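The structure appears right after this line, and notes come after that.
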Amino acid sequence: MAHPPSVDRIARGLRRSGLPDPLLVDAARAAIAEAVERDGHDGVDPDAVAARAAELAAEQSLRLLQPVINATGVLLHTNLGRAPVAFHHDARYSNVEFRLDRGTRGSRSDHAGTLLARACGAEAALVVNNNAAAVLLTLAALGGPGRAAVASRGELVEIGGGFRIPDVMAASGTELIEVGTTNRTRRADFERAVAAAGERIALLLKVHQSNYRIVGFTETVEVSDLTGLGKPVVADTGSGLLDAACPWLTDGPPAWLADEPAARQTLAEGADLVLFSGDKLLGGPQAGIIAGRADLIATIGRHPLYRAVRCGGLVLRALQDLALAYLDRRGGDIPFWRMATRSVEELADRAAAVAAAVGAARPEAMQAVPGGGTLPGVTFPSYGVALDGDHRAALRQLQPPVIARVEDDRTLCDLRTVDPADDARLATALAALGTTP
Ligand SMILES: *Cc1c(COP(=O)(O)O)cnc(C)c1O
C-alpha cells in the first residue's frame, strides 16, 4: 500500500476511549510514526497501526488521575494520595474569605483553622499546602535572614521526596544551629546554644523521627525539656494525630499508635506551635496545619510566603468537614479511622466472601501497615485474599484499577484498605483474572 493510514481515521476509531480528540490524534500519529520507522513507508500494516494506537490511548487513559482500589494494606499510601478523602460539592461560591456575620473580608483560618485549633486545644491554627510548607513558612516567618533555629543532630531528618530539615532551614534563610550528637541530645545542649547565640535565636525546633528509629544508647529531648529557655518551641510532629486519647473512637486509641506524638499533648507539654500533615494520621486532604499560640500564628499569617502556600476553598472545606467529625466524635465518619479500626474478624468474613466468589483465591491472614512515613516497623493484623502468581499489571488495567502487592510470587489483596462497597468489584476483577491468564 502506498500511503500510511490516515491519522483522522485511526483517531476516530479510538473515540470509545473517551479521551479528547487531540490526545487520540497524538496516539494515532505516534503509532504511524513507529510503524513507518520499523516497516518503511510502503510496508505499514493498517490493522497493526490501529491496534498500537489503541494501546497508546489506553496507556494515556491510565495516566489520568482517577479513583483506585487500594488493596496494598498500606493505609497511608503516599503514591495513592495517603488518606482517602470523600468530597463532593456543586459549582458554588463560598465564604472562603468573607465574614457572613459582618459582611466584611474574613480570613482563610476562620473555618477549618479555628475548628482544628479547637480540636487540639490550640489558641489558633493556620492551614497551608502541606506540612513541608508549614515548616518552611514557620521558619521563614519566625526566623529568616540573620536569625537562627536550634535543632538536635538526631532530628535532622529526611522525610522522603526531598524534604530534609537542613535544606528547608536553608531555604527559609534561617541559620541552623545543630546541638547534641546523632544518638544523644540533652536540654543542656539547647541551654548552651541559647546562652551562646542569645538574641539571634528565633526558635527551638523539635522534629519527630517519623520514618526511622534510633535504638540503643540514645537520649532525646522532649518538648517539656525545651520550655523555659525563653524561646518559642516549635514541634514538627509530622503525622497529625490530634489527640493521643482518640476521643473520636469509641474503643479509645489502638495499641499500634503508642509513642506517636499527638498535637494536643505536645501543646500541653509546652510547645508554642505544632506543625503536622493533613493527610497522614489526621486522615484528611493534603494540607499542613500550624497550631498553637495566637500571636505566633498571626505573625506567620502575615508573612508574604503564606500567600504562596495557602490552601484553596476545596481543601479548606474538606478539612472543615473532617474537623467537625473530630469535634463530634464521629471517628466512624473518617475513612482512615474506619479502615484502621476494623476488626480482623470482620475482615476475615469479607475475605471469605471474596474468595468464595473468585474460586482461585484463598482467604488469608496478613499484616497491614500505617504507611505515609509514620510508625516505622509497626504492623497490625489484617485479612485478605491471596492468588498464585503476580497479577499486579492486569489488576492495574481494570476499571477501577486495583493496586495489590506480591509476596513469594503470590498476589495479596489486603481488605483493610478496601472499602467494603468495593468488595464485589474486587471479586469480579479477581475472577476475571482466572479466565484471562
Ligand atoms: C511527613 C512529614 C513532613 C512532611 O509533611 P508533608 O505533609 O508530606 O509535606 C514533615 N515533617 C515530618 C516530621 C513528617 O513526618
Residues in the range 376-400 reached by a label modelled at ALA424 [backbone nitrogen below 18 Å; 7 Å Cα→Cβ]: 399-400
Please give the direction-averaged projected area of the C-alpha convex hull for the range 7-63, in square nanometres with one decimal. 3.5 nm²
Calculated log₁₀ intensity ratio I(q)/I(0) where the Debye formula runs over C-alpha points of the range 1-106, q = 0.18 Å⁻¹: -0.87
Length released on extending from ARG118 to VAL406, taking residue separation times 0.36 nm less the Cα-Cα span: 99.4 nm
Using 7 Å Cα-to-Cβ label points, what is the ALA268/SER17 separation (nm, one decimal)? 5.6 nm
Taking the chain as the reference, fit the longest principal axis to its C-alpha atoms, fit the long axis of helix 423-435 to the helix C-alpha atoms, and give the angle between the two in degrees, 0 to 90, nearest 10. 40 degrees
Would you calculate the separation in nanometres between label points at GLN397 and ALA298, each defined as 7 Å from the Cα along the Cα-to-beta-carbon direction? 6.1 nm
Can you give the angle from 0 to 90° between the axis of helix 187-197 and the longest principal axis of the chain, with both taken from C-alpha atoms, to the nearest 10? 80 degrees
Mean-square fluctuation check for the chain, GNM, Cα pairs under 10 Å: which of GLU37, GLU97, GLU364 is largest? GLU37
From zero outward in steps of 20 Å, how is the percent of C-alpha pairs of the chain spread across the bins? 22, 44, 28, 6, 0
What dipole magnitude, in Debye to the nearest 20, does the chain give about its Cα centre under +1 on Lys/Arg Cβ and -1 on Asp/Glu Cβ? 1180 debye
Taking 41 Å as R0, compute the FRET efficiency from the Cβ-Cβ separation of SER224 and LEU64 and round it to 0.05. 0.25
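Take every Cα-Cα pair in the range 381-431 and report what % of them are more than 16 Å apart. Present the calculation step by step, with values, prior to reporting the outcome.
On the way: 426 of 1275 pairs.
Above the 16 Å cut-off, the range 381-431 has 33 percent of its Cα pairs.
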How long is the gain from ALA171 to ARG184 if the chain were fully straight, where each residue apart is worth 0.36 nm and the alpha carbon distance is subtracted? 2.0 nm
Approximate spin-label separation GLU55-ALA86, in nm, with each point projected 7 Å along Cα-to-Cβ: 4.1 nm
Based only on Cα atoms, what mean projected area does the convex hull of the range 167-213 have, in nm²? 4.0 nm²
Please give the calculated 222 nm ellipticity per residue for the chain, where each DSSP H segment of at least 4 residues contributes -39500 (n - 2.57) and the sum is spread over every residue; nearest 500 deg cm²/dmol? -11000 deg cm²/dmol
Within a 10 angstrom radius of the beta carbon, how do LYS231, LYS280 rank from fewest other beta carbons to most? LYS231, LYS280
When a/c is below 1.5 the answer is rounded, else prolate if a/b is larger than b/c, else oblate, so apply that to the range 260-324 with a ≥ b ≥ c taken from the square roots of the Cα gyration tensor eigenvalues. oblate
Let me see the pair-distance distribution of the range 98-333: every alpha carbon pair, 10 Å bin width, integer percents in order. 8, 34, 36, 18, 4, 0
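Taking the Cβ of each residue in ARG29, ARG92 as the centre, tally the other Cβ atoms inside 10 Å and list the residues starting with the fewest.
ARG92, ARG29
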Quick one: among LEU273, LEU80, LEU322, which has the greatest mean-square fluctuation in a GNM of the chain with alpha-carbon springs under 10 angstrom? LEU80
Using the number of other C-beta atoms within 10 angstrom as an exposure proxy, rank VAL223, VAL36, VAL274, VAL309 with the fewest first. VAL36, VAL309, VAL223, VAL274
Please compute the contact order of the chain in relative form: average sequence separation of alpha-carbon pairs under 8 Å and at least six residues apart, divided by the residue count, as a percent. 19 percent
Quick one: which residues, 5 or more positions from VAL74 or on another chain, have an amide H under 5 Å from its amide H? H modelled 1.01 Å from N in the peptide plane, none for Pro or chain starts. VAL369
Taking Cα atoms, the helix 21-39 axis meets the longest principal axis of the chain at an angle in degrees (rounded to 10) of 60 degrees
Among PHE190, PHE336, PHE163, residue whose mean-square fluctuation peaks in a GNM of the chain (springs only between Cα atoms under 10 Å): PHE163
Using R₀ = 25 Å, calculate the FRET efficiency as 1/(1 + (r/R₀)^6) where r is the Cβ-Cβ separation of ASP251 and THR379; round to 0.05. 0.80
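Every read-out reported here was derived from the displayed coordinates using simple, explicitly stated rules and does not represent laboratory data. Nothing here was measured: the structure is a model prediction, and the numbers come from that model. Please note: Cβ atoms are built from the backbone with ideal geometry, for glycine as well, and neighbour counts cover all protein chains shown.
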